[in-house]
Amino acid sequence: MSETFKIADVEYTIHSKEVVQNVGGEFGMNAKGSYLILNVTVKNNGTKAITVSDSDFKLVKDKTEYETDSTAGIYANDDANLFFTSVNPENEVTGNVVFDLNPDTISDTNLKLKVDAGFGNSNKALVTINE
């Protein structure tokens, strides 16, 4: 899976998706359902710094919305964390966005990634996760 899309001056690339039961190993966290991990790059093509957070990403299925698991996201990111990271113009950050979901939801063909372009910005995008 490699999907690139833009919201205003910000370019998003979803490089991969992975389903696991644990992040961080023995001292990490176990999922209540299963962890869906999306490896994402956010590139700032604008003229001002932006703040990227894992809370900019949600999953939606029909009218149901799923939030990221920020704590699991810390364990799933060795060095790059998408938790309130400032990205200057012409720079990019890559990290893992983690959701704790029911396995049936993860495989649902109606599951979409909803990306909000950040604070004070009403631009959003919906991207299909399962094709």
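Derivation of every value follows stated rules applied to the coordinates shown; laboratory data play no part. Just so it is clear, the model here is predicted, and its values are computed rather than measured. Cβ: placed from backbone, ideal geometry, glycine included. Neighbour counts: every protein chain shown.
Descriptive notes on the structure:
- The Lys63 and Ser107 beta-carbon pair, evaluated with R₀ = 22 Å, returns a calculated FRET efficiency of approximately 0.70.
- Rough spin-label spacing in nm, given labels placed 7 Å along Cα→Cβ, for Glu18 and Asp78: 1.0
- Mean Cα-pair separation over length for the stretch 3-128, i.e. relative contact order, pairs under 8 Å, 6 or more apart, %: 28
- For the stretch 36-100, the set of GluC sites (Glu not before Pro) satisfying both a DSSP loop assignment and a count of at most 15 other C-beta atoms within 10 Å is given as Glu67, Glu90.
- Trypsin sites (Lys or Arg not before Pro) within the stretch 1-81: DSSP coil, no more than 16 neighbouring Cβ in 10 Å: Lys48, Lys63
- Cross-link partners of Lys32 among lysines (Cα-Cα below 28 Å; sequence separation of 8 or more within a chain): Lys17, Lys58, Lys61, Lys63, Lys112, Lys114
- Among the chymotrypsin sites (Phe, Trp or Tyr not before Pro) within the stretch 27-108, those in coil by DSSP and having at most 13 neighbouring Cβ atoms inside 10 Å are Phe84.
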